[in-house]
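Okay, structure first, notes after.
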Amino acid sequence: MTSSAVIWGVIGFLLTVMILSYLIRDSLFFRLATYLLIGLTAGYLVVLLVNRVLLPQLIWPMGAASWSQRLWLLIPILLAGLLLVGQIPRLALLSKIPLAYLAGLSAAVAIGGAVFGTLVPQGQAVLDTFDPYRIYADPQLVWMRILDAGVMILGVVGTLSYFHFGQPLQETKRKRAEDRPQILQVFSKIGEGFLGITLGAVFAGVFSTALLALIDRIAVIGGMLGQFLGGL
Amino acid sequence: MKKILFGAITLMVGLVVLAGFFFQDPFGPALTLIYQWGLVLVAVGGLIGLGTLAAFHIRNIIQQKKGWISSAVLLAAFLFSLIAGFVLTPQNAFYRDLILNVQVPVETSLLAILAATLLYASLQLIRTRGWTPLSIAFMASAVFSMLFNLGLIQTASGTLGEQVLMFFRRLPLVGARGVLIGMALGGLVMGLRFLLSTDHPGGER
């Protein structure tokens, strides 16, 4: 093992012990290790933002570009300048212009992502379960495919109903205004069950991963201690 | 007047980007430019955020507030990483080792702590919410998913049991689709509200 590998190994071992000390109590060691991570990552982020975005997108093209291209580059420089100047409280209004630009961009990207990235493919996946070719593909499993389709539509409608918190526009016969229509209440109870199943499966996945990480860290500590004790 | 100006900028940028989804050929060059400018603004916003973080911890150290030692460690790590990054460049082997050999053990250990925290939180769910359809389904699904993942429940291939097993393995997808569709609908409505200036992300009224 090279000397640099030993040094990095010792640093990793110490950091692991410092973080795992949280299992006993929230100690200074735990905070020091997390603050060290935040500090290093923040510095790394600044280096990446400057080296990978600002220099290649703004500064380097300025030197090589023609005059008309430089004029185009002035727009992001101006917007970035307004964002920076807006940090001065008296000039805060100026930062609203680049923020409005970013709001428009992110809203449009969110709409596009929601429609083309989620609504269409997920809706298509729900509809696909009702595809007759799929249902009758295997004659022995028709009932299973029909059950699949029924559960899919019931689960999706139920889950959506669980998150429905709309208010009636007109007065209704319901005792309390916050009560949902009865049909929604029934579906939301079904949806609650499906939501629990999904969250349980997600929980199991995350828990397994976290458990593997715990085993890995214990193995690192054991390996490091073994090396030290073996070397004595 | 100010409200109209900010609303007009938001709407104009949003409409061009949305038009680009449908008419990629005519709007392609404009879209590239808009994305590049947006990327620059996000980067500058990130730098402002990180600058604010550093300023906060400098104030903590100067005023010797509670936890100023942690702030000093953060600031020292920040400056070391910053200077080393600019002097050595991010591609340098030592710099990459420095970042990875701190990031990997700390992040993996944090994930390891999550195992204990998750276990505690799941038991708390039952204690605080009681046996509701959500908590029953949650616990049953978590236990069965772990048994499935461990490969403890298996059936012979091509049997009815296999189909039933597959059906139960697909069940979490149903709720996930509902959640995803709900999130997409929420994102769509929020996006439209931003674009039409019904909501003001900049805080202006």
Item to complete: Filter the helices (runs of 4 or more DSSP H) completely within segment A:1-120 down to those with at least 2 residues that are buried (at least 18 other Cβ atoms within 10 Å of the Cβ).
Response: A:3-20, A:28-48, A:67-85, A:96-112
Discussion item. Among the residues in segment A:217-226, are any exposed (fewer than 13 other Cβ atoms within 10 Å of the Cβ), over 24 Å from the mean Cα position of the chain (by Cα) and among the aliphatic types (A, V, I, L, M)?
Written reply: yes
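What's the total number of residues in segment B:135-153 that are among the aliphatic types (A, V, I, L, M), modelled with pLDDT under 85 and surrounded by 12 or more Cβ atoms within 10 Å (Cβ to Cβ)?
Of the residues in that region, 1 qualify.
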Fill in: Condition check for A:L154: surrounded by fewer than 19 Cβ atoms within 10 Å (Cβ to Cβ), outside any loop (DSSP other than H, G, I, E, B), among the aliphatic types (A, V, I, L, M) and at pLDDT 85 or above
yes
Worksheet item: Among the residues of segment B:105-115, which ones are within 14 Å of A:L36 (Cα to Cα), within 7 Å of chain A (Cβ to nearest Cβ) and either open to solvent by 20 Å² or more (accessible area, probe 1.4 Å) or in contact (Cβ under 8 Å) with a residue 40 or more places away in the chain (or both)?
Response: B:L110
Response to the item:
A careful count of residues in segment B:142-168 that are more than 31 Å from the chain's Cα centre (by Cα) and not aliphatic (A, V, I, L, M) gives 8
Worksheet item: When you go through (1) over 22 Å from A:G158 (Cβ atoms); (2) within 7 Å of chain A (Cβ to nearest Cβ); (3) open to solvent by less than 70 Å² (accessible area, probe 1.4 Å) one by one for B:A156, which number turns out not to apply?
Response: (2)
Worksheet item: Can you tell which of B:V16, B:V42 is under 28 Å from the mean Cα position of the chain (by Cα), open to solvent by 70 Å² or more (accessible area, probe 1.4 Å) and hydrophobic (A, V, I, L, M, F, W, C)?
Response: B:V42
Practice prompt. Sort out which residues of segment B:127-148 are facing chain A (nearest Cβ under 8 Å) and touching a helix residue (DSSP H, G or I) at 6+ places or on another chain (Cβ under 6 Å), and write them in order of number.
Written response: B:P133, B:L134, B:S135, B:A137, B:F138, B:S141, B:A142, B:S145, B:M146
Worksheet, complete the sentence: Residues of segment B:128-168 being closer than 22 Å to A:R145 by Cα, part of a helix (DSSP H, G or I) and of a type in the set (A, V, I, L, M), in sequence order, are B:L160, B:V164, B:L165, B:M166
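The values are calculated or read from the model by the stated rules, or taken from the named source; none is laboratory data. As the structure is a computational prediction, the values presented were derived from the model and not from experiment. Neighbour counts are summed over all protein chains in view; Cβ atoms, including those assigned to glycine, are modelled from backbone coordinates with ideal geometry. SASA here: full protein model, heavy atoms, side chains in, ligands and nucleic acids out. Shrake-Rupley method; radii C 1.70, N 1.55, O 1.52, S 1.80 Å.
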